[in-house]
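Structure record follows, encoded as structure tokens.
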Amino acid sequence: MTSGGVHSDGPELWVVRHGETEWSRDGRHTSVTDLPLTEPGEEAARALAPRLADVEFDLVLTSPRQRARRTAELAGFADAEVDDDLVEWAYGDYEGVTTAEIRDDVPGWTVWTHPVPGGETADQVSARLDRVVARAREHDRTLVFAHGHSLRVLTARWVEQPADVGRFFRLDTSTVSVLGFERDNPALLKWNS
């Protein structure tokens, strides 16, 4: 299977992080707060369209949050199916708070290594993203629009690693990444491009 300079020996999962919002720009944890894209976020989402236009997808999914749905729409996928499993990691009490602010009270805190009071555990996030992985592996090529931490966990689960391995996968807004296979092994084919 070859497309856009990518070669995979099995199913492919293309992941797109939504465009910039005020909170993503400012480093605020954003899960349930349903923020719109900024103007630069909308422009960057539009710029995704030509990069994805010539790729044939069997399944296109989006998080229900407007930032992901709008990115999908501007990228040319207004009919993307909403999948609640793609929502961002629920940050609970840390919703709208920056890592630096959290570390004032909890030195060294990261979502990968510490509890999230009132939010989800890594195991809970993994369980729902495992369902996305299983669904994507039933198709030749799937495209998803979602969020920074959830997509990083999705990637870790695709390569059969625990959720906290997602900490190694920096993921910027309005980027395209491709997961696939090399022979029998799940692999990252393109990242944060």
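Nothing in this text is a laboratory measurement; each read-out follows from the coordinates by a stated rule. Model, not experiment: these values are computed from the prediction. Cβ coordinates were reconstructed from backbone atoms using ideal geometry, including for glycine residues, and neighbour counts include every protein chain displayed.
Is there a quick way to get the dipole size of the chain? I mean about its Cα centre, with the Cβ of Lys and Arg at +1 and of Asp and Glu at -1; what is the value in debye to the nearest 20?
320 debye
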Next on the checklist: Given an 8 Å cut-off on Cα distances and at least 6 residues of separation, report the relative contact order of the chain as a percent.
Outcome noted: 32 percent
Checklist outcome for this item: Ranked from fewest to most other Cβ atoms within 10 Å of their own Cβ, VAL165, VAL111, VAL144 fall in the order VAL165, VAL111, VAL144
Checklist entry - Considering the dipole of segment 1-146 built from charges on the beta carbon (Lys and Arg +1, Asp and Glu -1) around the Cα centre, which of VAL60, LEU48, GLY76 is farthest to its positive end? => result LEU48
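Lys and Arg at +1, Asp and Glu at -1: add these up for the other residues within a Cβ distance under 10 Å of HIS18 and post the number.
Details: positive: ARG17, ARG65, ARG67, ARG69, ARG70; negative: GLU20, GLU88.
Net of charged neighbours comes to +3.
What does the helix-only formula give at 222 nm for the chain: each DSSP H stretch with n ≥ 4 adding -39500 (n - 2.57), the total divided by the residues, and the result rounded to the nearest 500 deg cm²/dmol?
-9500 deg cm²/dmol
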